[in-house]
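Read the structure below first, then the notes.
Derivation of every value follows stated rules applied to the coordinates shown; laboratory data play no part. Just so we're clear, the structure is a prediction, and the values are computed from it rather than from any experiment. Note that we place each Cβ from the backbone using ideal geometry, even for glycine, and neighbour counts take in every protein chain shown.
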């Protein structure tokens, strides 16, 4: 019997709007944690600091140390029309791929002014409102961004963020993301220290989160969806650490879908985990065979999203939707500032 091809609608679920977290809770590690055992389908309700109980000496947590840049800019054309930019991907020193709103008002050759310190010109028109812009400025672009830019919170968050650092992980180091790797937002320095004291290894990689992670799936058949590429880095030291853990039969636990995609993309490219840098547009959905990770810490994701598809691939679509229904029944908080899930 031929297996039915999965459609985008197969990953839909009803979420009450009040469960979409609008702001982070006061103590990062006190968010709730739904633990799902894949083998026996057992669900346990915990708090995030209880993750310590599920990690064993010799295991390895893999964290994405990307740092969110204030990537949202508001400028004006000479006519006075307001243009909004979201910086997505740095192509060269002064050129960026940007999501432009409204895109129709920013044709090739359009110049946009941001205060009196930054100017941009539209150079190429790509797709879905994405354009290549060339920027003109004096000094460091990063300094100008800090002055003019805003944190690019997802559109479902309506409240203004009081503390910028709450949309950063405590271990964020490498500037470049248009969005936070949100599974990591639950860790505190103290929790990471306790994890290491227990004998659990911590490895770091970088994947700069762009539009690819959040772009909606607009096709019926998920096989037809194409991801935008995102830049990643894994150093030799961290690759060696992950391999040592695998060889000694420890578990590699990925913190977030971004860490997962990076590790699996490197394995797919080289047949093993090695030092590597590059761009990946890997799209993981049910049917994918995982080569590297043994456990996954993640947040609760949007209906019909590529993130939900990846999580379903690691477990089982029906089991994940069942767990999501259980989370809804128990008033878990969803999306970027929401609660977490550990699947093993």
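Computed values, structure above
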| quantity | calculated |
| --- | --- |
| Residues in the stretch 220-236 that a label on residue 268 would reach, taking backbone N under 13 Å of a point 7 Å out along Cα→Cβ | 223-230 |
| FRET E, pair residue 77, residue 13, Förster distance 30 Å, beta-carbon r, rounded to 0.05 | 0.15 |
| Cα pair distances of the stretch 142-192 binned at 10 Å [whole percent] | 20, 54, 24, 2 |
| Largest to smallest principal axis extent of the C-alpha atoms in the stretch 252-344, angstrom | 43, 26, 23 |
| Bridge type composition, the stretch 206-307 - antiparallel percent by DSSP, nearest 5 | 70 |
| Reduced Cα scattering model of the stretch 75-114, Debye log10 I(q)/I(0), q = 0.25, 0.32 Å⁻¹ | -0.89, -1.19 |
| Modelled label reach - residue 174, point 7 Å along Cα→Cβ, the stretch 96-129 residues with backbone N closer than 19 Å | 97 |
| Full-stretch length increase - residue 226, residue 134 - with 0.36 nm per residue and alpha-carbon distance subtracted | 30.5 nm |
| The chain: angle of helix 236-247 to the longest principal axis, Cα-based, in degrees nearest 10 | 20 |
| Kirkwood hydrodynamic radius over Cα pairs of the stretch 1-116, then Stokes diffusion coefficient at 20 °C and 1.002 mPa s, in µm²/s | 106 |
| For the stretch 144-234, radius of gyration divided by Kirkwood radius, i.e. Rg to Rh on alpha-carbons | 1.02 |
| FRET efficiency, residue 125 to residue 188 (Cβ-Cβ, R0 41 Å, nearest 0.05) | 0.40 |
| Residue of 152, 16, 216 that the Gaussian network model of the chain assigns the largest fluctuation, springs spanning Cα pairs under 10 Å | 16 |
| Order of 98, 60 - criterion: other Cβ atoms within 10 Å of each residue's Cβ, fewest first | 60, 98 |
| More than 14 Å apart - percent of Cα-Cα pairs taken over the stretch 207-285 | 65 |
| Residue 219-residue 196 FRET efficiency (beta carbon distance; Förster radius 30 Å; 0.05 resolution) | 0.10 |
| Full-extension gain in nm, residue 113 to residue 247, via 0.36 nm per residue minus C-alpha separation | 42.8 nm |
| Sorted by Cβ neighbour density within 10 Å, fewest at the top, the residues 119, 260, 8 | 119, 8, 260 |
| Shape parameters for the stretch 48-147, alpha-carbon atoms, Rg then Dmax in Å | 18.7, 62 |
| Considering only the chain, percent of DSSP beta bridges that pair antiparallel, nearest 5 | 70 |
| Residues 261, 160, sorted so that the one with the fewest Cβ neighbours within 10 Å comes first | 160, 261 |
